[in-house]
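Report on the following structure.
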Amino acid sequence: MAVIAMAGCSSDPLSGSGHDPLNGHLVDQGTRDAERTNYPPETLREQTFVLSNAISYESKRDGTSDDIHTAMKLGAKIVRSTGTKGLIAVPVNSAQGTTTIADVMVYDTARHSLLNNTVYRFGYTPPAGQTLQLDAITAVFQTRADED
């Protein structure tokens, strides 16, 4: 009897409607013509999610004088503008050209200097506020002085 009752049901409520949920079809349930409401995927806002778990780097290297100068300048600017405290990871470069690779260095806001001369590489640019695990160090990624 359970099989007969299930025969007319579907586990996917959109499967019988002919709409592909991955093709940007949104339904406004407050209107009678909800089935005709169709938003192209490119009009949907992209959202960035900050993970609660610290993420790890892919590789590391010694910083060049340019890397050190860039990280020192940005770290000092973030501290002056926001009053951020603790260890922060600041980008040496990120999302330049067709790459999304991000190189970061750790800035100590209490000492107003870099924690070390190591550049940590990530395969993508983390969102601001993301906690990064850099060897035995945990730092919060900051990209600009106007972000928390």
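The values are calculated or read from the model by the stated rules, or taken from the named source; none is laboratory data. Owing to the predicted nature of the structure, the values given are computational and were not obtained by experimental measurement. Every residue, glycine as well, gets a Cβ built from its backbone with ideal geometry; the counts of neighbours run over all protein chains shown. Ligands, DNA and RNA are stripped out before the accessible areas are found, and what is left, the full protein with its side chains, is counted by its heavy atoms. Shrake-Rupley method; radii C 1.70, N 1.55, O 1.52, S 1.80 Å.
Quick notes
- Rounded accessible area of T64 (nearest 10 Å², 1.4 Å probe): 70 Å²
- Net charge of the neighbourhood of D103, taken over other residues with C-beta under 13 Å away and scored Lys/Arg +1, Asp/Glu -1, is -1.
- For L114, residues with placed amide H under 5 Å, excluding near neighbours: D108
- Net charge of Cβ neighbours under 14 Å - reference L87; Lys, Arg +1; Asp, Glu -1: 0
- In Hz, Karplus ³J(HN,Hα) per residue of the stretch 77-88 (6.51, -1.76, 1.60; θ = phi - 60°; x = Gly, Pro): 5, 4, 5, 5, 7, 10, x, 4, 10, x, 8, 10
- The phi torsions of the stretch 61-70, fed into the Karplus equation with coefficients 6.51, -1.76 and 1.60 and a -60° offset, translate into couplings of 7, 6, x, 7, 4, 5, 4, 5, 4, 4 Hz, rounded to whole numbers, with Gly and Pro shown as x.
- Amide H contacts for N93 (H built 1.01 Å from N in the peptide plane; partners 5 or more residues away or on another chain; cut-off under 5 Å): D103.
- Built amide H within the under 5 Å cut-off of Y124, gap 5+: A102
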